[in-house]
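Colleague: Okay, here's the structure, questions in a sec.
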Amino acid sequence: MSLRLYNTLTRSKEAFEPLDPNNVRMYVCGPTVYDYAHIGNARPAIVFDVLFRLLRHIYGPEHVTYVRNITDIDDKINARALELRGERNVDVLEVVRELTERTYAVYQQDVAALGNLPPTFMPRATEHVPQMIAMIRTLIDAGLAYEAEGHVLFDVAKKADYGKLSRRPLDEMIAGARVDVAPYKREAMDFVLWKPSDSTTPGWESPWGRGRPGWHIECSSMIEAAMGETIDIHGGGIDLVFPHHENEIAQSEGAHHGHPLARFWMHNGFLNVEGEKMSKSLGNFVTIHELLEDWPGDVLRFNMLRAHYRQPMDWTLAGMKESWATLERWYDVAEAVSAPRIGEGLLAALSDDLNTPLAIAELHKASLQELGGGLMLLGFNPMSERLASKKAVNKVEIARAIEARNAARKAKNFKESDRIRDELLAQGIQLKDGPEGTTWEVKR
RNA sequence: GGCCACGUGGCGGAGUGGUGACGCAGCGGUCUGCAAAACCGUUUACCCCGGUUCAAUUCCGGGCGUGGCCUCCA
């Protein structure tokens, strides 16, 4: 089964062949840890986890390296920390540390609840500052970066093919720039590699004074540290194409004699919520954390995979309900599967640029064994109790009520049996009479 | 303003130059004391206007709509 992936670099689907089948390398831009991750952040986590699992299936679990970083140096973090400190007499740097630690821990918990495997490595920016400084020095030595007023900037004009990922000619971008250009920049599009820090901002000693790295350099450095100069796949949200990924390319290629950073660039589409774009002002900012309070992680995962990863997607309550119903039906039958196997239809769908909606359609047509195997390949666990409602239900009491109702039915006292059924339904317990007796489920 | 993506039935959502995926809902049926569930069957579509073609939902051009990027962003 040959794997084909859409490559943003060429804007077309290409056959995927890793540089080294014994070490397939993938990097995905992870979260900036200053606030709860929202449901849009869950999309790349889930989508690239499916790709990770598919690659492990094809090349063997020990032959795939998946790196997802944690951005814990960032001005949004610093701003939030200042807010959190308020008037209190505590060290802001300490607040920064607490904030990132806490947010990081919640993120880990949340993505795990969504059924994602832990990546092979989860490097943190704060642990790679020396590597970033080294890369910046290399860029300065190569004549691709310059120092100005305590900043170090990438000299975009020196990189002839700058803009090749986003396909934006440099002169066009300069003409369309809508922001005031910092006076120390040679060109409007030059971006920061290093900037100075004051006493309320985390900083590290460097040849350019105490400061901190710009955003883009961390990914370039961590990729190099974990996987070398050229990797197979680099992923992230489509909004990262410009400027983040464009700048990563400029830095890494600049520091590596022009060797490509990644051979395949993959980008997931955006998410709307109930037809509207998610924003704090609209008040429809949905975090993964709060969704997980009401919904099983598997349901959120399934709902995400019902749309192709490159398509724009609308996240809705109706969709989640439908996802839950489908998954519940499947789990009922698939938990009994003794010999799961991967169906060809499913594998073909996933191999065609991760066509998960088609893969799900294949599961609807699949045998029981293929259903079980397919669910597991996609990261679902039919054996788990994750679909059970979080609401506390008294199983013993329900069983007793069912017994009483069946006794009433036997005596043809239907008034009483219907009363018991309605009473349970009022508590959200839906009874189902089947050939093998009466079962129940929590109705939503 | 510049660049880019998307627009499929009541809903979700694949796909294709010619035989109307798949799921949900609806409808009909089996089952049931009645329901629910389950199972069987089944109706409904390709934003608009041109062009290319024997044939377009699928290719090309224009329009409209939605969203993204150009500044932090999954």
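The values are calculated or read from the model by the stated rules, or taken from the named source; none is laboratory data. The shown structure was predicted, so the numbers you read here are calculated from the model rather than taken from an experiment. Positions of Cβ are generated from backbone atoms using ideal geometry, with glycine treated the same way; all protein chains shown enter the neighbour counts. Heavy atoms of the whole protein, side chains included, go into the accessibility calculation; ligands, DNA and RNA do not. Shrake-Rupley method; radii C 1.70, N 1.55, O 1.52, S 1.80 Å.
Colleague: Which one is farthest from residue A:292 (Cα to Cα) among residues in region A:317-329 that are open to solvent by 20 Å² or more (accessible area, probe 1.4 Å) and more than 7 Å from RNA strand B (Cβ to nearest atom)?
Modeller: A:328
Colleague: Assess whether residue A:85 counts as being at pLDDT below 95, under 28 Å from residue A:248 (Cα atoms) and charged (D, E, K, R).
Modeller: The answer is no for residue A:85.
Colleague: Give me a count of the residues in region A:251-277 that are free of Cβ contacts under 8 Å to residues at least 60 places away in the same chain, open to solvent by 60 Å² or more (accessible area, probe 1.4 Å) and part of a strand (DSSP E or B).
Modeller: Of the residues in that region, 2 qualify.
Colleague: Same structure again: Which strands (runs of 3 or more DSSP E) does region A:1-72 wholly contain that include 3 or more residues that are of a type in the set (Val, Ile, Thr)?
Modeller: A:64-68
Colleague: Do we have residue A:134 as modelled with pLDDT of 95 or more and either open to solvent by 20 Å² or more (accessible area, probe 1.4 Å) or over 30 Å from residue A:295 (Cα atoms) (or both) here?
Modeller: yes
Colleague: Which of the residues that make up region A:381-421 are under 25 Å from residue A:294 (Cβ atoms) and either more than 40 Å from the chain's Cα centre (by Cα) or at pLDDT 85 or above (or both)?
Modeller: The answer is A:381, A:397.
Colleague: If you go through region A:260-269 one residue at a time, do you hit one that is closer than 23 Å to residue A:375 by Cβ and either modelled with pLDDT of 90 or more or near RNA strand B (Cβ under 8 Å from one of its atoms) (or both)?
Modeller: Yes, region A:260-269 contains at least one residue that is closer than 23 Å to residue A:375 by Cβ and either modelled with pLDDT of 90 or more or near RNA strand B (Cβ under 8 Å from one of its atoms) (or both).
Colleague: To continue, here is another question. Give the residues of region A:336-380 that are in a loop (DSSP other than H, G, I, E, B), of a type outside the set (A, V, I, L, M) and within 19 Å of the chain's Cα centre (by Cα), sorted by residue number.
Modeller: Within region A:336-380, A:353, A:355, A:379, A:380 meet the criteria.
Colleague: Let me ask another. Filter region A:175-200 down to residues that are open to solvent by less than 60 Å² (accessible area, probe 1.4 Å), farther than 20 Å from residue A:141 by Cα and within 13 Å of RNA strand B (Cβ to nearest atom) and give me whichever is modelled with the highest pLDDT.
Modeller: The qualifying residue modelled with the highest pLDDT is A:189.
Colleague: Residue A:209: part of a loop (DSSP other than H, G, I, E, B) and without any contact (Cβ under 8 Å) to a residue 40 or more places away in the chain, yes or no?
Modeller: No, not satisfied.
Colleague: OK, next. Which members of region A:6-48 meet the condition of being of a type in the set (A, V, I, L, M), modelled with pLDDT of 95 or more, in contact with a strand residue (DSSP E or B) (Cβ under 7 Å, 6 or more places away or on another chain) and within 13 Å of RNA strand B (Cβ to nearest atom)?
Modeller: A:28, A:47 - these are the residues of region A:6-48 that are of a type in the set (A, V, I, L, M), modelled with pLDDT of 95 or more, in contact with a strand residue (DSSP E or B) (Cβ under 7 Å, 6 or more places away or on another chain) and within 13 Å of RNA strand B (Cβ to nearest atom).
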